[in-house]
Amino acid sequence: RKLWKPFNALGRVYVAGEGVNAQMAIPTNVMPNFIECCNSIPELGVHMENGINIDPIPLSMEEFSFAGDPESDTPSPPFRNLHVRVRR
């Protein structure tokens, strides 16, 4: 989590013996550095055989801020923080 904070990463990450499942939002301007960071984490690298799936159409910051509730006139981003949960 500390390593991802500088990237302004938001979302949910679940880590278990079977692998890693994550739904995250990362600014596109830091995506190459974020992927490099993920690949440099030995514990994570063994679970990255499928790589990182990236949405083909990135959202602008304005689109992201309303993505949680497109009908609303007030910002409602889908993620407010970065949560990492480890299942033992």
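The values are calculated or read from the model by the stated rules, or taken from the named source; none is laboratory data. Just so it is clear, the structure is predicted and the values come from calculations on it, not from any experiment. Please note: Cβ atoms are built from the backbone with ideal geometry, for glycine as well, and neighbour counts cover all protein chains shown.
Checked against (1) modelled with pLDDT of 80 or more; (2) in contact with a Phe, Trp or Tyr (Cβ under 7 Å, 6 or more places away or on another chain); (3) not hydrophobic (A, V, I, L, M, F, W, C); (4) not in a strand (DSSP E or B), Glu36 passes all but a single condition, namely (2). Taken over the stretch 16-33, the criterion of being part of a loop (DSSP other than H, G, I, E, B) and under 14 Å from the mean Cα position of the chain (by Cα) is satisfied by Ile26, Pro27.
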